[in-house]
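The values are calculated or read from the model by the stated rules, or taken from the named source; none is laboratory data. Everything quoted here is computed from the prediction, not taken from an experiment. Backbone-built Cβ (ideal geometry, glycine too); neighbour counts: all protein chains shown. Heavy atoms of the whole protein, side chains included, go into the accessibility calculation; ligands, DNA and RNA do not. Shrake-Rupley method; radii C 1.70, N 1.55, O 1.52, S 1.80 Å.
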Amino acid sequence: MSVAKLVLEGKEYDLPVFSGSEGETAIDIASLRAKSTAITFDPGYGNTGSCQSAVTFIDGEKGILRHRGYSIEELAVNARFTEVAHLLIYGELPTAGQLTQWRSDLADHDQVHQQLLQMISHFPPAAHPMGILSSIIAAMSTYYSDDEPVDVHIRRLVSQVAMIAAAAYRSSRGLPVVFPRRELGYAANFLRMMFGGPTSDYVVPKVLEDAMNMLLIVHADHEQNCSTSTVRMVGSSQANIYASMAAGVCALWGPLHGGANQAVLEMLDAIHADGGDYKKYMEMAKRKDSGFRLMGFGHRVYKNFDPRASLLKKACDDVLDHLGVLDPLLDIAKNLEEIALKDEFFIERKLYPNVDFYSGIIYRAMGFPVNMFTALFAIGRMPGWIAHWREQDAEGARIHRPRQIYTGPNLRAYPK
Ligand code: CMC
């Protein structure tokens with residue numbers, strides 16, 4: 001085993017070095033605690049490995065994203081979302097027999113509890129779907145016992161997250177809930193629960209089903225991002241799986257993470273409403289004091305391109321073409337991308353369109369309201385969160401508990 005040497009205040013420390021299966025190197029600093037009181041400092045965890053994981057590999061410089069060894073480009077085009085969910089959670093693509101069983105297991109657990117549906121109907125009509133989703137997922141823990149096998153909880157979460165999101169939407173519109181149908185695939189079922197009537201023969205157009213399937217797959221996992229790390233953090237306290245997933249939904253909600261898809265559409269809308277002068281907004285994004293960022297641009301890990309964005313840019317053209325939709329926001333998005341890719345500020349900082357840049361335009365063409373976009377991300381990400389929770393649970397990981405450097409006042413006397 002190789003060793004890294006750290007010299008601190010004249011004392012030398014040997015720290016073990018190890019590698020991942022793609023050759024990534026890690027310096028294991030865990031032993032430093034026993035020998036020194038110095039901590040490592042990395043706010044925002046820009047260069048801190050929090051775990052070893054066999055779920056997803058990303059090479060941000062090369063724009064590589066692979067789940068359990070399979071490239072996102074292959075999965076997005078060839079697989080169905082339920083297969084990818086199985087791959088992420090259980091480590092392998094299912095055989096034909098396993099897939100039939102997995103789909104049947106999901107269908108056996110796809111009905112949201114009647115009382116939870118009632119709860120959904122009591123939220124105010126303007127409630128954000130992410131607030132409803134996180135609340136109802138946390139509330140599932142009050143209906144289902146910890147004593148049940150974890151696989152049953154997993155099936156419920158994977159299948160019911162779609163129905164909860166759809167029910168949140170329908171309830172906000174005063175529409176009756178649509179229940180899932182066993183014979184439909186995951187994406188078609190979800191679209192029917194959103195846009196079909198409870199008794200209607202609404203058939204989901206194939207092009208929309210395929211687009212939804214791909215959108216779910218490209219969101220399915222992304223290793224130690226903010227929400228997945230949150231799921232691991234909460235799970236590390238041995239909180240139940242529903243509490244851990246609800247925490248993931250909350251972390252995803254913010255505009256710097258999954259909430260960016262909503263923020264992108266709102267930004268494009270604002271630019272359009274302001275006469276379409278995208279160059280003005282580009283200049284604003286470069287001025288720090290403006291407080292404005294180009295939403296859908298930049299990524300902590302990808303420094304060349306986001307492979308998910310490339311897939312979605314193409315899917316966006318296909319879906320809009322198929323639907324015959326001419327969306328002026330797509331032109332603004334393409335223009336913004338074009339000038340950003342040539343702009344020194346963006347080149348220097350390696351800022352490229354991310355997964356959220358084009359997804360909103362597709363969602364909008366499909367008929368989703370803007371405040372549903374982040375909930376769609378959460379449906380896709382559920383298998384990824386579960387895969388990480390399960391992996392960590394199997395390892396019996398230690399509770400996550402970072403250190404800090406204290407910068408407050410020193411001891412002072414309480415005023416008499
Ligand atoms: N527009 C303008 N400037 C930006 C942007 C942007 N979107 N993103 C980063 N920068 C600048 C930033 O001001 C900083 O400049 P300087 O070095 O001069 O101070 C530099 O680029 C590095 O930015 P950072 O905030 O330190 O980078 P980070 O790795 O902490 O943040 C990010 C990554 C994704 C939060 C950030 O790029 C951002 O806020 N993007 C917009 C929100 C967004 O699209 N989020 C979705 C991410 S992908 C979906 C997912 O979460 O998985």
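Taking the criterion of being open to solvent by 20 Å² or more (accessible area, probe 1.4 Å) and more than 16 Å from SER172 (Cβ to Cβ), the residues of the range 108-138 that qualify are ASP108, HIS109, GLN111, HIS113, GLN114, GLN115, ALA138. Mind counting the residues in the range 236-248 that are within 16 Å of the ligand (Cβ to nearest atom) and open to solvent by less than 10 Å² (accessible area, probe 1.4 Å)? Of the residues in the range 236-248, 1 are within 16 Å of the ligand (Cβ to nearest atom) and open to solvent by less than 10 Å² (accessible area, probe 1.4 Å).
Here is the figure for the range 178-223: residues that are without any contact (Cβ under 8 Å) to a residue 40 or more places away in the chain, charged (D, E, K, R) and more than 22 Å from ARG364 (Cβ to Cβ) total 3. Please verify whether the range 387-398 includes one or more residues that are within 15 Å of the ligand (Cβ to nearest atom) and modelled with pLDDT of 95 or more. Checking the range 387-398: at least one residue is within 15 Å of the ligand (Cβ to nearest atom) and modelled with pLDDT of 95 or more.
Select from the range 231-290 the residues that are polar (S, T, N, Q) and either over 25 Å from ILE386 (Cβ atoms) or touching a strand residue (DSSP E or B) at 6+ places or on another chain (Cβ under 9 Å) (or both) and list them in ascending order.
Answer for the range 231-290, where residues must be polar (S, T, N, Q) and either over 25 Å from ILE386 (Cβ atoms) or touching a strand residue (DSSP E or B) at 6+ places or on another chain (Cβ under 9 Å) (or both): just SER290.
Of all residues in the range 224-231, at least one satisfies being crowded, with 24+ Cβ neighbours inside 10 Å, in contact (Cβ under 8 Å) with a residue 24 or more places away in the chain, part of a helix (DSSP H, G or I) and more than 10 Å from the ligand (Cβ to nearest atom). Considering the range 284-337, and only residues there that are within 10 Å of the ligand (Cβ to nearest atom) and not in a loop (DSSP other than H, G, I, E, B), the residue that is surrounded by the most Cβ atoms within 10 Å (Cβ to Cβ) turns out to be ARG308.
Give, as residue ranges, the helices (runs of 4 or more DSSP H) completely inside the range 339-411 that count at least 2 residues that are out of contact with any Gly (no Cβ under 8 Å at 6 or more places or on another chain) and surrounded by fewer than 16 Cβ atoms within 10 Å (Cβ to Cβ).
344-348, 373-395
Of note, ALA251 does not satisfy the criterion of being over 19 Å from the mean Cα position of the chain (by Cα) and either outside any helix (DSSP H, G or I) or near the ligand (Cβ under 10 Å from one of its atoms) (or both).
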